[in-house]
Amino acid sequence: MVDLVVKVLSWIAAWAGIAVMAFVVYEVVRRGIGAISWEFFTKSTPLDPTATDGGLANAIVGTLVITGVAALIAIPAGFFGGIYLAEFGRNGRVATSVRMIANVVMGVPSVIVGVFAFAIIVKPLGHYSGFAGSVALAFIMLPVMARTTEDILNLVPNELRESGLAMGAPRWKVTLGVVTRAARSGLITGATLAIVRVAGETAPLLFTALSSPYWMTGLFGPGGFFGGPVSNLTKTMWDLSGTPYPAWQSLAWGGALVIIAAVLGMNILVRLLFQRGKEW
């Protein structure tokens, strides 16, 4: 009887959660599908709230650049940090301290990360920038990548390491040429999960990249990646959704649909890579 009760409660809880998620996805698709068009992906955010031919192309490009730079900062650092924790540091004091700090940082609210990036980059420079947004997102990605890399490398059998060392190869070559190669599918999965983790973040960008209705003009100078506010999808959605104008609200729902589709697509990609890794 207890077993039956637990099964029924688990079934109800699972389907309640699925129903809520399905409702959210349904509402976003229903409200956002009307905004998806060629202009949505090719034109910038309209300054006129009554215009019906605008899009979010500038925000999409800004989000891709900010997230891409964050990945370039966090993924290599997290990868080598995970290698140190799994292969060299292991149970040492430094490695133990790094693990504890990484676990704490993974639980820090993203708004705190935004305030931190504001204090160390935005305030000293005197202006918002896309680079500050990338640093904030990289700070969120770094512990995720490091801990995932460590967990994946710990799953590699020790016999592979011993075989490489027995052949006379140095430790670093065994680690990079044997261990990481055996765990490549899991490492790719970890990198993808780290990117998915920050794909929809808004709070850090409120304090760093801010937003702009214009295209990013380059690297430096007003409107550049390092020189001023950069348009991004989540902050633009926040701005447009709080207005009473139907055209802007429609664009905000379209942006929400794009984010959900991107995150869902990346999660499916992660599962496919993980399953393929099992086959290898």
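The values are calculated or read from the model by the stated rules, or taken from the named source; none is laboratory data. Bear in mind the structure is a predicted one, so any value in this text is a computation, not a measurement. Cβ coordinates were reconstructed from backbone atoms using ideal geometry, including for glycine residues, and neighbour counts include every protein chain displayed. When the accessible area is computed, the model is the full protein with side chains, heavy atoms only, and any ligands, DNA or RNA have been set aside. Shrake-Rupley method; radii C 1.70, N 1.55, O 1.52, S 1.80 Å.
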Inset, instruction - State which residue is surrounded by the fewest Cβ atoms within 10 Å (Cβ to Cβ) when the search covers only segment 241-258 and only residues that are under 21 Å from Thr208 (Cβ atoms) and modelled with pLDDT under 90. - result: Gly242
Legend entry - Residue check, Leu205 among the aliphatic types (A, V, I, L, M), in contact with a helix residue (DSSP H, G or I) (Cβ under 8 Å, 6 or more places away or on another chain), over 26 Å from Met237 (Cα atoms) and at pLDDT 85 or above: no
Inset, instruction - Consider Tyr214 carefully, then state whether it is of a type in the set (Phe, Trp, Tyr), outside any helix (DSSP H, G or I) and surrounded by fewer than 18 Cβ atoms within 10 Å (Cβ to Cβ). - result: yes
Legend entry - Among the candidates Leu72, Leu85, residue that is under 19 Å from the mean Cα position of the chain (by Cα) and part of a helix (DSSP H, G or I): Leu72
Legend entry - Tally, over segment 174-188, of residues that are at pLDDT below 85, open to solvent by less than 40 Å² (accessible area, probe 1.4 Å) and farther than 20 Å from Arg99 by Cβ: 1
Inset, instruction - Return only the number of the condition from (1) within 19 Å of the chain's Cα centre (by Cα); (2) open to solvent by 20 Å² or more (accessible area, probe 1.4 Å); (3) touching a residue at least 40 places away in the same chain (Cβ under 8 Å) that Arg171 does not satisfy. - result: (1)
Inset, instruction - From (1) touching a residue at least 60 places away in the same chain (Cβ under 8 Å); (2) open to solvent by 90 Å² or more (accessible area, probe 1.4 Å), pick out the condition that doesn't hold for Val28. - result: (2)
Inset, instruction - Working only within segment 174-195, note down all residues that are free of Cβ contacts under 8 Å to residues at least 40 places away in the same chain and touching a helix residue (DSSP H, G or I) at 6+ places or on another chain (Cβ under 7 Å). - result: Val174, Val178, Ala182, Ala183
Legend entry - Residue check, Ala262 modelled with pLDDT under 90, in contact with a helix residue (DSSP H, G or I) (Cβ under 8 Å, 6 or more places away or on another chain), within 22 Å of Val24 (Cα to Cα) and in a helix (DSSP H, G or I): yes
Legend entry - Failed item in (1) out of contact with any Lys or Arg (no Cβ under 9 Å at 6 or more places or on another chain); (2) outside any helix (DSSP H, G or I); (3) open to solvent by 40 Å² or more (accessible area, probe 1.4 Å); (4) not basic (Lys, Arg), with Ser231 passing the rest: (3)
Inset, instruction - Being of a type in the set (A, V, I, L, M) and modelled with pLDDT of 85 or more is the filter here, so list the residues in segment 217-240 that pass it. - result: Val230, Leu233, Met237, Leu240
Inset, instruction - Select, from Val113, Val104, the only residue that is more than 23 Å from Ser185 (Cα to Cα), under 24 Å from the mean Cα position of the chain (by Cα) and open to solvent by 40 Å² or more (accessible area, probe 1.4 Å). - result: Val104
Inset, instruction - Hey, can you tell me all the residues within segment 119-161 that are out of contact with any Pro (no Cβ under 9 Å at 6 or more places or on another chain), more than 22 Å from Phe80 (Cα to Cα) and open to solvent by 50 Å² or more (accessible area, probe 1.4 Å)? - result: Ala119, Ile120, Lys123, Pro124, Leu125, Gly126, Phe131
Inset, instruction - Mind listing whichever residues of segment 2-55 are among the small types (Gly, Ala, Ser) and more than 18 Å from Ser241 (Cβ to Cβ)? - result: Ser10, Ala13, Ala14, Ala16, Gly17, Ala19, Ala22, Ser37
Legend entry - Where a residue in segment 34-56 is in contact (Cβ under 8 Å) with a residue 40 or more places away in the chain and open to solvent by less than 70 Å² (accessible area, probe 1.4 Å) and its partner, wherever it lies, is among the aliphatic types (A, V, I, L, M) and not in a helix (DSSP H, G or I), with Cβ under 9 Å and at least six apart: Ala35/Leu56; Phe40/Leu56; Ser44/Leu56; Thr45/Leu56; Gly54/Leu47
Inset, instruction - Return yes or no: is Phe23 closer than 30 Å to Trp215 by Cβ and either at pLDDT 95 or above or assigned to a helix (DSSP H, G or I) (or both)? - result: no
